[in-house]
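I have placed the structure first, in the form of structure tokens, so that the comments after it can refer back to it.
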Amino acid sequence: MSRAFHPPRSSRWVPGNHFELLENGEEFFPRVFHAIAQARHEVMLETFILFEDKIGRQLHAALLCAAQRGVEVHVLVDGFGSPDLSDEFVGSLVQAGVRFRVFGPGRRFLGQRLNLLRRMHRKIVVVDGQLGFIGGINYSADHVADFGPEAKQDYAVQVRGPVVAQMHRFTREAVLDRAERKRLRQAAPQDLPHAGSAHAMFVTRDNRQHTADIERHYRVALRAARHRVVIANAYFFPGYRFIREMRRAARRGVDVQLILQGRPDMAIAQTAASLLYDHLLRAGVRIYEYCERPLHGKVALVDDAWSTVGSSNLDPLSLSLNLEANVIIQDSGFNAQLHRRLAHLIDNSCRQVEASPTGRWESLRLLRGYAVYHFMRWFPRWAGWLPRHEPVIAQAQPEPGT
């Protein structure tokens, strides 16, 4: 079974939430697996990558147990990010009652995946409509330290409070048809009690109505910044307006710090970001490259209260093509905690990028900067020319006779 994907309406600010920062798989996976083990009614899970490795098998076991005890379990994975799951892996979940769906499934051609554009890049879990998780961490072994030097540095949050209801409604809209949504409408409370003091907004990006929502929230925060900005992002090549707000903030005296990959998992990511270095450094932005292992995080903070955590990189794929989800948080305690973690990275695992000295290649650098500037300025319009197919969600079906 397959159906077209139609995104839900936009979100709004809600008070009374509690956020807990989870760093890397060592903090994230035990929380998610425990939450699934405690689920009584429903588990909604979306992820870009699910690999059939030790982490994927742990998730598989948790979902299987939940379904076998009668919990309604819905899983949505991306067809490009999770292409090699075996029939046994998926089939055992489906036979236990898990509704397992694939966003934009595609076939290989000469061994290559061609379904590259406009992927479902979100990472969201909602358990019983009351406990949520969101961030940048996929379900794969390269998010835990024992994977080795290529283990990723990443972040997510555990969420309680009314904003979880926004996440819950969104995940249902993303995967369920109208009849299923109606049937499950009473499965969890729609208005959740306050769990903390944080104001929060669940913000998504899609290719229909909310094409620039996440980037717009970043730009508004940069425009309002008064004394500090820290952005840690794995893939950094944002648009002209984003770069302009960073430069303006730095020039009016805001301490703008940018943490990027120094040991990239894809070399092109560091190459693309480095094209922007001169342009940013000359405005006073401080740039650091994280060199301990690949940086996969997508987090930021502004001044003493604003923060964001989610799946959205600051590159053309995330800002112009992929389906993404972030939370925007207004809370001084969470902001301070995130700042301590990022400051620790800067102090212990980063090298600061210095401005290139002027000299014989100055004209070439200026020309390169001019070309990059205009590429960024017009990319969002160019992105609209790329294939805008109607993505479908295909649900795995149990084998006949099972």
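The values are calculated or read from the model by the stated rules, or taken from the named source; none is laboratory data. Treat the numbers as computed from the prediction; the structure is a model and nothing was measured. Cβ sites come from the backbone with ideal geometry, for glycine too, and all protein chains shown count toward neighbours. With ligands, DNA and RNA removed, areas are computed over all heavy atoms of the protein, side chains included. Shrake-Rupley method; radii C 1.70, N 1.55, O 1.52, S 1.80 Å.
Per-residue HN-Hα couplings for region 63-73, Karplus 6.51 cos²θ - 1.76 cosθ + 1.60 at θ = phi - 60°, whole Hz, x for Gly and Pro?
Taking θ as phi minus 60°, the curve returns 5, 4, 4, 4, 4, 5, 9, x, 6, 6, 10 Hz for region 63-73.
I'd like the per residue volume of the convex hull spanned by the Cα atoms of region 213-379, given in cubic angstrom.
Taking only Cα atoms, region 213-379 has a hull volume of 108 Å³ per residue.
Grab every C-alpha pair in region 14-196, bin the distances at 10 angstrom width from 0 up to the longest one, and report whole percents.
That works out to 9, 37, 38, 14, 2, 0, in percent per bin.
On a 1.4 Å probe surface of the protein chains, which of Phe236, Phe33 comes out largest in accessible area, and what is the full order?
So the residues, ranked largest to smallest area, are Phe33, Phe236.
Please list Leu22, Leu317 from largest to smallest accessible area, probe radius 1.4 Å, with all protein chains kept in place.
Leu317, Leu22
Evaluate the relative contact order of region 213-379 (contact order divided by residue number), counting alpha-carbon pairs under 8 angstrom at least 6 apart; express in whole percent.
Values: 297 pairs, mean separation 45.3, N = 167.
Answer for region 213-379 is 27 percent.
Put +1 on the Cβ of each Lys and Arg and -1 on the Cβ of each Asp and Glu in region 14-196; which of Val90, Gly104, Ile137 then has its Cα farthest toward the positive end of the dipole?
Checking the options against the dipole of region 14-196, the answer is Gly104.
Can you run phi through the Karplus equation (6.51, -1.76, 1.60; θ = phi - 60°) for region 155-172 and list ³J(HN,Hα) in whole Hz, with x for Gly and Pro?
3J(HN,Hα) across region 155-172, in whole Hz: 9, 8, 9, 9, 10, 10, x, x, 5, 4, 4, 5, 4, 5, 4, 5, 5, 5.
I need the phi-derived Karplus couplings for region 38-52: 6.51 cos²θ - 1.76 cosθ + 1.60, θ = phi - 60°, integer Hz, Gly and Pro marked x.
Each residue of region 38-52 in turn: 8, 4, 10, 10, 7, 10, 10, 9, 10, 7, 6, 10, 10, 9, 8 Hz.
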